[in-house]
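Student: First, the structure itself, so that you have it in front of you.
The values are calculated or read from the model by the stated rules, or taken from the named source; none is laboratory data. Computed from a prediction, not measured in an experiment: that's the story for all the values here. Here the Cβ positions follow ideal geometry from the backbone for every residue, glycine too, while neighbour counts run over all protein chains shown. Note: areas computed on protein heavy atoms with side chains; ligands, DNA, RNA excluded. Shrake-Rupley method; radii C 1.70, N 1.55, O 1.52, S 1.80 Å.
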Amino acid sequence: GVGMGMTAPVSITAFPAEDGSFQQKVKVSLRIPSQFQDSPPCPTDESIKIEERQGMTIYSTQFGGYAKEADYVSHAAKLRAALGSDAAYRKDFYLCNGYDPPMKPYGRRNEVWFVKE
């Protein structure tokens, strides 16, 4: 019953298939606003879980526009190529982040994150 509003970024955990596309399974994460973090309200929907994301070091790339799956896949491939074979990062998932509300037409910010091992 508590409204918290939207937060940024909206983070989608993508689990890439062999061809680089998303598998059917993705996880969408929203940041709980600061004033609710010490005592977050309990979700009324059992499919919603509250979890604490530990600190992490990431490799990141940023791009604009209205991001679709193909955009995230393309930018993940470019980031993978830029890192080469020397960088150690999680290969089983990556994070796709959007920072803007849908009605913002210009200056949009999206990022792909690889989590450093």
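Student: Which one is surrounded by the most Cβ atoms within 10 Å (Cβ to Cβ), of the residues in the range 19-59 that are under 21 Å from GLY1 (Cα atoms) and of a type in the set (D, E, K, R)?
Tutor: Going through the qualifying residues, I end up with ARG31.
Student: Could you count how many residues in the range 1-41 are among the aromatic types (Phe, Trp, Tyr) and modelled with pLDDT of 85 or more?
Tutor: 2
Student: Here is a follow-up. Could you give every pair whose Cβ atoms fall below 7 Å, whose first residue belongs to the range 5-29 and is free of Cβ contacts under 8 Å to residues at least 24 places away in the same chain, and whose second residue is assigned to a loop (DSSP other than H, G, I, E, B) and of a type outside the set (Val, Ile, Thr), counting only separations of at least 6 or pairs across chains?
Tutor: GLN23/ALA17
Student: For the range 100-115: of the residues being open to solvent by 70 Å² or more (accessible area, probe 1.4 Å) and closer than 23 Å to THR13 by Cβ, which is nearest to the chain's Cα centre (by Cα)?
Tutor: Result: ARG109.
Student: Still on this structure, please answer the following. Somewhere in the range 61-72, is a residue open to solvent by less than 60 Å² (accessible area, probe 1.4 Å) and in a strand (DSSP E or B)?
Tutor: For the range 61-72, residues open to solvent by less than 60 Å² (accessible area, probe 1.4 Å) and in a strand (DSSP E or B): present.
Student: Give me the pairs: first residue in the range 41-67 and under 14 Å from GLU117 (Cα atoms), second residue open to solvent by 70 Å² or more (accessible area, probe 1.4 Å), beta-carbon distance under 8 Å, and six or more apart or on different chains, which are they?
Tutor: MET56/LYS116; THR57/LYS116; ILE58/LYS116; TYR59/LYS116
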